[in-house]
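> Got a structure for you, questions after.
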Amino acid sequence: MSFLKKLRDRMFRSSDKIGEGLEALVAADAAPEAAAGESAVKPGLLGRIFGADEPRRLVDDAMLESLEDVLIGADMGVETATRVTANIAEGRFGKRVSTRELRAALADEITRIMQPVARPLPIYAQRPQVVLVVGVNGSGKTTTIGKLASQFKAAGKSVVIAAGDTFRAAAVEQLQVWGERAGVPVLTAPEGSDPASLAFDALTKAQADGADLLLIDTAGRLQNRADLMEELAKIVRVLRKKDPSAPHNTLLVLDATTGQNAVSQVEIFRKIADVTGLVMTKLDGTAKGGVLVSLADKFGLPIHAIGVGEQIDDLAPFDPEDFAKALVGQE
Ligand SMILES: Nc1nc2c(ncn2[C@@H]2O[C@H](COP(=O)(O)OP(=O)(O)OP(=O)(O)O)[C@@H](O)[C@H]2O)c(=O)[nH]1
């Protein structure tokens with residue numbers, strides 16, 4: 001099964017939400033033919049064969065307002081929804097469009113917004129490349145590290161994992177399971193011990209082993225932001241004693257089911273860590289997938305990968321066109 005097909009299947013909640021919204025919007029004031037004096041958007045070849053008589057709605061202020069509401073309802077955020085709506089209006093105002101045409105226009109617009117931020121995790125010549133993984137508890141950090149470790153290992157890279165959330169025994173155990181499965185060493189420390197010291201030991205081991213990649217899990221307790229900030233800063237300070245250029249990436253893992261809350265998580269984590277890229281998980285379980293569009297539009301941070309399930313293969317590089325099509329349910 002191609003990843004696009006899988007993405008479409010898994011993101012059905014988001015695409016249903018937008019798709020049903022668009023259908024309702026067009027049906028609310030649909031006319032099968034353009035009224036006299038109004039120019040219709042000319043359907044393409046396929047449209048002329050299959051869809052020339054599909055219901056259409058006049059693109060006017062009321063329609064655009066409804067479109068904006070559909071996009072806001074899919075967690076795209078007000079600013080992004082307004083911008084996308086304005087761009088859809090361009091060249092279409094006063095014409096009639098079908099749901100199919102709207103979907104295609106939306107997919108194009110979303111692809112355009114996402115294209116500049118779609119960048120795989122950069123791989124540097126530096127060995128080991130140190131990747132610090134941050135994010136709130138439950139966002140999917142541990143799972144993402146496990147999936148990344150497995151995928152890099154399968155691609156022939158040697159990987160070391162540091163289970164830096166030393167306050168959560170369950171997170172450490174979960175990483176050990178992923179590590180065993182992937183054949184990747186997982187460095188742990190006693191519960192409650194200093195994560196910076198673990199990070200130091202892990203970098204020492206990764207350097208001694210000649211590892212390609214060191215993935216460091218971190219705690220995600222935002223309840224005490226000052227403590228977390230100090231903890232992350234200390235990890236970075238200590239890593240730099242061994243490698244002044246570390247960490248080479250700081251990945252922020254976000255849970256799509258939190259919708260617009262992910263926006264404030266980016267704002268907070270950018271203040272407490274030097275976030276270099278995003279991974280969005282759980283796009284399979286939510287109708288709030290539109291939040292990724294607003295993150296791209298608002299922050300311009302690279303989006304490296306998306307998670308659409310709990311298995312190794314369910315983490316994939318971010319492809320803007322596939323994502324846009326899956327989000328709007330375009331065939
Ligand atoms: N459906 C789905 N579930 C996911 C995905 N990524 C992670 N999960 C699940 O989300 C839950 C939380 O993931 P963890 O990886 O434990 O999250 P964490 O950020 O490490 O959380 P803590 O260990 O609490 O710090 C787990 O049950 C994962 O299996 C995804 O892309 N899709």
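> I need H248, H304 ordered by Cβ neighbour count within 10 Å, fewest first.
If I rank by nearby Cβ atoms, fewest first, I get H248, H304.
> I'd like the GluC sites (Glu not before Pro) in the stretch 179-234 restricted to DSSP loop residues with at most 11 other Cβ atoms within 10 Å, sorted by number.
Answer by residue number: E191.
> Still on this structure, please answer the following. Given that compact globular proteins tend to follow 2.2 N^0.38 Å, what is the ratio of the alpha-carbon Rg of the stretch 129-328 to that value?
0.97
> Write down the percent of antiparallel bridges among all DSSP beta bridges whose residues are both part of the chain, to the nearest 5.
If we restrict to bridges inside the chain, about 25 percent are antiparallel.
> Give me the percent relative contact order of the chain, please, defined on Cα pairs under 8 angstrom at least 6 residues apart.
Value for the chain: 26 percent.
> Arrange the following residues from fewest to most other Cβ atoms within 10 Å of their Cβ: T85, T258. Don't jump to the answer; show the numbers that get you there.
Working: T85 22, T258 19.
Exposure proxy ranking, most exposed first: T258, T85.
> Do any of K95/K325; K205/K298; K147/K234; K241/K282; K157/K288; K6/K95 go past 29 Å between their Cα atoms, and which? Please report the intermediate quantities before stating the final value.
On the way: K95/K325 23 Å; K205/K298 39 Å; K147/K234 26 Å; K241/K282 36 Å; K157/K288 34 Å; K6/K95 35 Å.
Over 29 Å apart, Cα to Cα: K205/K298; K241/K282; K157/K288; K6/K95.
> May I pose another question? Multiplying the sequence separation of F167 and S197 by 0.36 nm and subtracting their Cα-Cα distance, what value in nm do you get? Spell out each step's value before the answer.
Working: separation 30, 0.36 × 30 = 10.80 nm, distance 1.38 nm.
This chain segment gains 9.4 nm when fully extended.
> Report the percentage of all Cα-Cα pairs in the stretch 89-197 whose separation exceeds 24 Å, rounded to a whole percent.
Roughly 46 percent, once rounded to a whole number.
> How high is the relative contact order of the stretch 240-300, given as a whole-number percent (alpha carbon pairs under 8 Å, six or more residues apart)? Working shown, then result.
Working: 67 pairs, mean separation 24.6, N = 61.
That works out to 40 percent.
> Right, something else. Take every Cα pair under 8 Å in the stretch 171-291 that's 6+ residues apart, average their separations, divide by the length, and report that relative contact order as a whole percent.
20
> Here is a further query. Can you give me the convex hull volume of the Cα atoms of the stretch 160-219, divided per residue and expressed in Å³? Kindly include the intermediate steps, with their values, before the conclusion.
Working: hull volume 3.8 nm³, N = 60.
Spelled out: Cα convex hull of the stretch 160-219, divided by residues, is 63 Å³.
Each reported figure results from applying straightforward, stated rules to the coordinates on display, with no laboratory input. Quick caveat, the model's predicted, so the values are computed rather than measured. A quick note on method: Cβ atoms are made from the backbone with ideal geometry, for glycine too, and the neighbour counts reach across all protein chains shown.
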